[in-house]
Amino acid sequence: MRVPLNWLADYVDIVLPPEELARRLTMAGVEVGDIMRSGEEWEGIRVAEVVKVDPHPDPEVERLRLATVELDEDERHTVVCGAPNIAPGQKVAFAGIGTRLIDGRTGEPTVLKAARKRGVESAGMVLSEKELGISEQHEGILVLPDEAEVGAPLSSVLGETVFDLDLTPNRGDLLSVLGVAREVAALSGGQVRDPSIEHAAEGKPIKGRVAVQIAAPDLCPRYVAALVENIKVTESPSWLQERLLAAGLRPINNVVDVTNYVMLEMGQPLHAFDFAGLRGGKIIVRRAGPGETLTLLDGTRREMTADMLVIADAQEARALAGLMGGSESEVTERTTAVLLESANFSPAGIRRTSQALKARTDASIRFEKGLSPRLPPIAAQRATKLLVEICGGHAAEGMIDVYPVKEKEARVDLTQERLHRVLGVELPATKVRRVLESLGFGCRWVPPDRYIVRVPYWRTDVKIPDDLVEEVARIVGYDQLPTTLLSGEIPAFSPQPLLRLRETVRDALAAAGMQEVINYSLTTREALAKVLGPEELAINPPLRVANPMSREYDYCRPTLRASLLECLAKNVRSQPGMLSLYEVGRVYLPRDRELPREIESVCGLVTGRRPDRWGQPTEDEAGFYDAKGLLENALDQLHLQAHYEDTIDYAFLPGRTAEVRTAGERIGLIGQLHPRVTGAFGIKADVAMFELDLDALLPHVSSVPHYQPVSPYPSVEQDLAIILPEEVPAARAVQIIKSFKLVRDVRPFDEYKGTQVPRGHKSLAFAVSFHNPAGTLTDEQAGRERGRIIERLKRELGAEPRS
Amino acid sequence: MTSLLDTISEIEQSAIGELKSASDQSALEAWHIRYLGRKGKLTQVLRSLAGVANLDERRAGGQRANVAKERLEAAYSEQRSQIEEQRLSSVIAGERLDVTLPGIAVPRGRLHPVTQTMRDVLAAFVSMGFQVAEGPEIEWDHYNFEALRIPAEHPARDMWDTLWIDYEQDGRRPMLMRTHTSPNQIRIMEKTRPPVRVVVPGKCYRFEATDPTHEWMMQQVEGLAVDDGISMADLKGSLTDFARRIFGPERRTAFRCDYFPFVEPGMEMRIDCFICRGEGRLEDGRPCRTCHQTGWIEILGAGMVHPEILENVGYDSGRYTGFAFGLGIERIALLRYGIEDIRHLYANDLRFLEQF
């Protein structure tokens, strides 16, 4: 909503400078998004008087004349001018050489240069409205009012300060200059001057000539019609055009301009029908029939549905209620009588229609915010007055006013106790009353505790006592309220173990050198199809967004894999060495008639060449075991024992993929990605990846580790090397070795396959730590235990000791 | 007599003289054997005293010889520590390290700047007694809008352009990507009784074109405090305290009236611009771009929980009042780190992320 301050000043005295007024309005909830000053761009353009107009010396040139303009007693310029309307005595806008302007022909900004026109030097320019950027008018020069001071900057004569308001949806009443004036009055201590609605009614009574019937009172609580005849449709007077332009509306003709003017002034959208275009003098407010169509003023033909409201005459729909009129009853130059509609429509109905037809108008924007049903007769009278004054019409006597269910005047009771409770401060009753009255509320103080408040009709947003609390607080100023800290009881603690787990994992991965990334939660089906098998996608189809912003983001991701690989693909070129990334985020698994299951998921990847002591890439490619080290480190931070079992997965290389399990439950996956997958993302290098399901992991994590006393007895360290069939996993040997009573710890430290061992076998070495919690262990005792271990490995795994 | 004492003095002098030229460990040891060893010169003199008949002479000689012995031992240990020190310094000099060379490379990883900012914001509220809870990112229309007093045809829906899930139930689309964390106000109050003090972090989504200040995915923190006696003054105080914890203890806050359907009164908090110190212009006179020359930066929306919402979850709105707020983490991250374009955050360029 644009509010020109000159216009605003019609209804309230503006006693504050624009910046301060804007600040107060903004703090009180009426945000001034921008203070626009027309005229700021007119730097160097001044008011001049045309003192002389001579014909061009070249008799061939008929169109051009030489105008002499005076800016000062000592400053006169002669310019070559082609405007037909230039005449001595006019006050005009003059631009000297070097002034910035808008080119009258191209509409582009330009700098005025000295020019010769047909052999005569022109020392500047007398400007048209188009060259000033005021309108499209370029036929003649702009003639200023006689009282304009010669030599003064043009902006002091024509310049206008306009507040561009960013309004909140609850304040439909502020979509009017008058509504803003009421706020200004309350914030700067003035009185509001309501615009006059008094007008002569010289015409025949409207009764008997116009009939209004509301067939859908749920969508139209009130309909007021007025009739103005003998009008002449023409251009509006310039003051009216200028006000509309300053407020951001294009002038059309005097009738339409009046309806728009009153809408901007009072907030009530109006519609003027060409009375001749209405059959039978009838207005029927009804729901659209099935398949009913209407050609609107903007030339579009719309098909309506049964929940849309139309204004029809005896024959057919003539307007789409609250949105736009139809072209059949449009006011044109041939129009001599108009039927003025000033109605109240249901906000929800207008919004539904507006959304269904994807059409928003200045009228629908106002109706959908909720207007008072008490406004239509006032606006109708105001518009009738202006139609009579501006369009030379005769107003028919009386109005038709159909208002089946009269709305009661709203009354809200507020207690002093409530005001205090919500604001945290006592305010004196006199102050509260003064504030409410300054906003147009009626307020009666009933000691000891109660205000009886009558809500003015335009404040449809005020319904409950706390609404009044806000009114008081915002006018007093939120900054005037005290500032205290919470003092009450602190609620009982409830632990959030999943959050704690998630942040521990984040920290562990970052501390181990992985970079955290955050990708969008939406992806494409194509990206998902690169990392999930077709059956998987078919069985658990991911959720789709019905109205995606673009095809890049239309599916809710059921895995983090694809996003992380896209992220890697974007970065792989700028990073020559090893890259390790991870993301923690929700994945969404659809469920029947329920919200999807959202799982906290972790995905990490490692790729590239490992660094040397200097951090320079070596020839060593990072792979499965790098990823596994990172994962083990994170799980160790959680004091979690996990084991790894061969598995297969669509995205991973068979034989290099493992399920991560703990206590028999799958908590994640790790492996080297299949080159088909990395290739699909344009990645050439090998990538190892792991995934963790934190929800599955959670039940296995205890919040604190259990303490083990440190033994006073020393351990004996011995190595053990065996040759095993290749298919036996090292974990089985570890498990057996660990089961021995005197073994405290065992760690594999070498794996060898090759010429030194028989075909189909591998050599494994373990560092075993022997320990007796009951006393000092000797080397001999450890050696005997070691022998028993080897016997068992032989027996159970077919292992052979290696010398 | 004289000759004995003289002899001792001579031995002492020549020993001191020779000691100076014993410049390494073995020369020093040879010297020690020569004078103070079992067959050393001074030892022999001491032994020869037994043969001196005159008692006075023997005593005088003995005393003198012992003095000489002590002096030589002292000189010896001084020389020895000097030699040791010299040896060490030459060793150290030879093993000098270039301390300016880098340490052994350890892979470095960092948390995303939004994660870091989120943690700081949550920590500020946790220290005020707030608990952290979370809710679903894919929500029902009911929680995201209806229960927050934003029914289907309410114009306030325009404040949250919505991404709807392609799922129909009874001819409606009831599922959406939550547009804010506010649904958790309802979810929390449905499960708990006052006193309530909770912050809810999480991702939110809007149907919105991106530009330097807008992203379609964002992380918010919702705050909710409900109890007997919570006022707008408490809201102002808690949020001012928060702003100072995040943006510095000298920060000033300003509160202006604003509208959200689920609060009444509603407000927006601004902090004084910490780049231009609320002046709107930088010290060199250039306009401040951080606050768009206003001197103030909008930080969050807040308000007193609407009494209808309290009643709908079964709280007595005559007794209980509360405040709620919602803030965007990205915006705070941009301000903290001086990032000019929000789109950098989720573009995930490592050259950007490695800086935090």
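Please give the helix A:177-188 orientation as an angle from the longest Cα principal axis of chain A, in degrees from 0 to 90, rounded to the nearest 10.
80 degrees
If contacts are Cα pairs under 8 angstrom and at least 6 residues apart, what is the relative contact order of chain A in percent?
Values: 1603 pairs, mean separation 65.7, N = 803.
Dividing the mean separation by the residue count of chain A yields 8 percent.
What distance in nm lies between label points placed 7 Å from Cα along the C-beta direction at B:L101 and B:Q63?
My value for the distance between the label points is 6.4 nm.
Pull up the cross-link candidates among the lysines for A:K117, meaning alpha carbon to alpha carbon under 22 Å and not fewer than 8 places away within one chain.
In chain and number order, the partners are A:K52, A:K130.
Amide H to amide H, which residues 5 or more places from A:L439 or on other chains are under 5 Å from it, using H placed in the peptide plane?
Amide H to amide H, under 5 Å and 5 or more residues apart or across chains, A:L439 pairs with nothing.
Just how far, in whole angstrom, is the stretch A:471-545 from the stretch A:358-392 if you go by their alpha carbon centroids?
Comparing the Cα centres of the stretch A:358-392 and the stretch A:471-545, I get a distance of 47 Å.
Can you return the aspartates and glutamates within cross-link range of A:K406? Criterion is Cα-Cα under 15 Å, with same-chain partners fewer than 8 residues away left out.
By straight Cα distance, A:K406 reaches A:D218.
So, R0 is 56 Å and r is the distance between the beta-carbons of A:S703 and B:L5; what FRET efficiency does that work out to, to 0.05? List each step's numbers first, then the result.
Numbers: r = 85 Å, r/R0 = 1.53.
Rounded to the nearest 0.05, the efficiency is 0.05.
Within the stretch B:7-62, list the trypsin sites (Lys or Arg not before Pro) lying in a DSSP loop whose Cβ has at most 16 other Cβ atoms in a 10 Å radius. Walk me through the numbers before you get to the answer.
Numbers: sites: B:K20, B:R34, B:R38, B:K39, B:K41, B:R47, B:R58, B:R59; in loops: B:R38, B:K39.
Listed in order of number, the matching sites are B:R38, B:K39.
Would you check chain B for Lys pairs whose C-alpha atoms are within less than 22 Å, ignoring same-chain pairs closer than 8 in sequence, and give me the count? Walk me through the intermediate numbers first.
Details: B:K20/B:K39; B:K20/B:K41; B:K20/B:K69; B:K39/B:K69; B:K41/B:K69; B:K191/B:K203.
Qualifying lysine pairs in chain B: 6.
With labels modelled as points extended 7 Å from the Cα through the Cβ direction, what inter-label distance (nm, one decimal) is found for B:E70 paired with A:E60?
Between B:E70 and A:E60, the simple spin-label model gives 13.3 nm.
How big is the accessible area of A:C81 in square angstrom, nearest 10, if you roll a 1.4 angstrom probe over the protein chains?
10 Å²
About the Cα centre of the stretch A:497-649, how large is the charge dipole given +1 on each Lys and Arg Cβ and -1 on each Asp and Glu Cβ? Please answer in debye to the nearest 20. Let's see the in-between values first.
Numbers: 19 positive and 24 negative charges, 111 e Å.
The calculated dipole for the stretch A:497-649 is roughly 540 debye.
Would you work out the relative contact order for chain B, in percent, from Cα pairs under 8 angstrom that are 6 or more residues apart? Each step should come with its number before you reach the end.
Details: 526 pairs, mean separation 50.2, N = 356.
It rounds to 14 percent for chain B.
Using a Förster distance of 41 Å, how high is the FRET efficiency between A:V120 and A:T300, based on the Cβ-Cβ distance and rounded to 0.05?
The computed FRET efficiency comes out at 0.20.
Residues with amide H under 5 Å of A:A546's amide H, sequence separation 5 or more or different chain, H placed in the peptide plane at 1.01 Å from N; which?
Correct list: B:W164, B:I165, B:D166.
Output ³J(HN,Hα) for the stretch B:145-158: one whole-Hz value per residue in order, computed from phi by the Karplus curve 6.51 cos²θ - 1.76 cosθ + 1.60 with θ = phi - 60°, and x for Gly and Pro.
10, 3, 5, 9, 6, 10, x, 3, 9, 6, x, 5, 4, 5
What's the extension gain from A:D620 to A:E139 if we count 0.36 nm per residue and subtract their Cα-Cα distance? Walk me through the intermediate numbers first.
On the way: separation 481, 0.36 × 481 = 173.16 nm, distance 7.90 nm.
The span from A:D620 to A:E139 would gain 165.3 nm if fully extended.
What is the spin-label model distance, in nm, from A:R334 to B:R343 if the labels are put 7 Å beyond Cα along the C-beta direction?
The answer from the label model is 5.3 nm.
Using all Cα-Cα distances in the stretch B:2-95, what percent lands in each 5 angstrom bin from 0 up to the longest?
With a bin width of 5 Å, the distribution comes to 2, 13, 22, 19, 14, 10, 7, 5, 3, 2, 1, 0, 0.
Taking each residue of A:508-521 in turn, how many C-beta atoms of other protein chains fall within 10 Å of its C-beta, and what is the average? It would help to have the intermediate numbers written out before the result.
On the way: counts 1, 2, 6, 5, 4, 6, 4, 10, 11, 7, 12, 4, 7, 6.
Per residue, the average neighbour count from other chains is 6.
Can you check what the net charge comes to around A:V233, using other residues whose Cβ is under 14 Å from the Cβ of A:V233 (Lys, Arg +1; Asp, Glu -1)? Mind showing how you got there, number by number?
Values: positive: A:K232, A:R334; negative: A:E229, A:E235, A:D257, A:D274, A:E330, A:E333.
It works out to a net charge of -4.
Of the GluC sites (Glu not before Pro) in the stretch A:274-366, which ones lie in a loop per DSSP and count no more than 13 other C-beta atoms within 10 Å? Each step should come with its number before you reach the end.
Values: sites: A:E292, A:E303, A:E316, A:E328, A:E330, A:E333, A:E341; in loops: A:E292, A:E316, A:E330, A:E333.
Those that pass, being in a loop and sparsely packed, are A:E333.
What ³J(HN,Hα) values, in whole Hz, does the Karplus curve 6.51 cos²θ - 1.76 cosθ + 1.60 give for the stretch A:422-438 when θ = phi - 60°, with x put for Gly and Pro?
Using θ = phi - 60°, the values come out as 7, 8, x, 7, 8, 10, x, 4, 4, 5, 4, 4, 4, 4, 5, 5, 5 Hz.
What does the helix-only formula give at 222 nm for chain B: each DSSP H stretch with n ≥ 4 adding -39500 (n - 2.57), the total divided by the residues, and the result rounded to the nearest 500 deg cm²/dmol?
On the way: 12 runs with 147 residues, N = 356.
Result for chain B: -13000 deg cm²/dmol, rounded to the nearest 500.
Read phi for every residue in the stretch A:522-537 and hand back ³J(HN,Hα) as whole Hz from Karplus 6.51 cos²θ - 1.76 cosθ + 1.60, θ = phi - 60°, with x for Gly and Pro.
9, 9, 10, 5, 4, 5, 5, 5, 6, 10, 10, x, x, 5, 4, 5
Would you tally the net charge around A:A492, using a Cβ to Cβ cut-off of less than 15 Å, leaving A:A492 out, and scoring K and R as +1, D and E as -1?
Details: positive: B:K191, B:R193, B:R197; negative: A:E489, B:D227.
Around A:A492, the charge tally is +1.
Jot down the radius of gyration and Dmax of the stretch B:165-216, Cα atoms only, both in angstrom.
15.0, 41
With 27 Å as the limit, write out which pairs from A:K204/A:K282; A:K738/A:K762; A:K358/A:K385; A:K431/A:K463; A:K207/A:K232; A:K628/A:K738 have Cα-Cα distances beyond it, or answer none.
With Cα atoms farther than 27 Å apart: A:K358/A:K385.
Assuming 0.36 nm per residue, please report the length gained on full extension of the stretch A:R656 to A:E535 beyond their Cα-Cα distance.
On the way: separation 121, 0.36 × 121 = 43.56 nm, distance 2.17 nm.
Working it through step by step, the gained length comes to 41.4 nm.
Looking at the stretch B:113-353, what % of the alpha carbon pairs are farther apart than 34 Å?
Values: 4619 of 28920 pairs.
More than 34 Å apart: 16 percent of the Cα pairs in the stretch B:113-353.
Find the centroid of the Cα atoms in the stretch A:1-74 and in the stretch A:747-797, then give the distance between the two in whole Å.
Centre-to-centre distance over Cα atoms comes out at 96 Å.
Regarding the stretch A:133-241, what's the average projected area of the Cα-atom convex hull, expressed in nm²? Present the calculation step by step, with values, prior to reporting the outcome.
Numbers: hull surface 53.8 nm².
The orientation-averaged projected area of the Cα hull of the stretch A:133-241 comes to 13.4 nm².
Quick one: ranking B:R289, A:R784 by accessible area, 1.4 Å probe, largest first, what do you get?
Descending order: B:R289, A:R784.
To the nearest Å, what is the center-to-center distance of the stretch A:586-664 and the stretch A:714-728, using C-alpha atoms only?
Here the answer is 27 Å between Cα centres.
Of all trypsin sites (Lys or Arg not before Pro) in the stretch A:96-151, which ones are in loop regions per DSSP and have a Cβ with at most 15 other Cβ atoms within 10 Å? Working shown, then result.
On the way: sites: A:R100, A:R105, A:K113, A:R116, A:K117, A:R118, A:K130; in loops: A:R105, A:K113, A:R118, A:K130.
For trypsin sites (Lys or Arg not before Pro) across the stretch A:96-151 that sit outside H, G, I, E and B with at most 15 neighbouring Cβ atoms in 10 Å, the list reads A:R105, A:K113, A:R118.
Subtract the Cα-Cα distance of A:E552 and A:Q735 from 0.36 nm times their separation in residues, and report this length gain in nm to one decimal. Could the numbers behind the result be given before it?
On the way: separation 183, 0.36 × 183 = 65.88 nm, distance 4.83 nm.
61.0 nm is the gain from fully extending A:E552 to A:Q735.
Percent of Cα-Cα pairs more than 59 Å apart in the protein assembly as shown, please.
Numbers: 263426 of 671061 pairs.
When all Cα pairs of the protein assembly as shown are counted, 39 percent exceed 59 Å.
The values are calculated or read from the model by the stated rules, or taken from the named source; none is laboratory data. Note that this is a predicted model, so its numbers are computed, not measured. Every residue, glycine as well, gets a Cβ built from its backbone with ideal geometry; the counts of neighbours run over all protein chains shown. Keep in mind that these areas ignore ligands, DNA and RNA; they rest on the heavy atoms of the full protein, side chains included. Shrake-Rupley method; radii C 1.70, N 1.55, O 1.52, S 1.80 Å.
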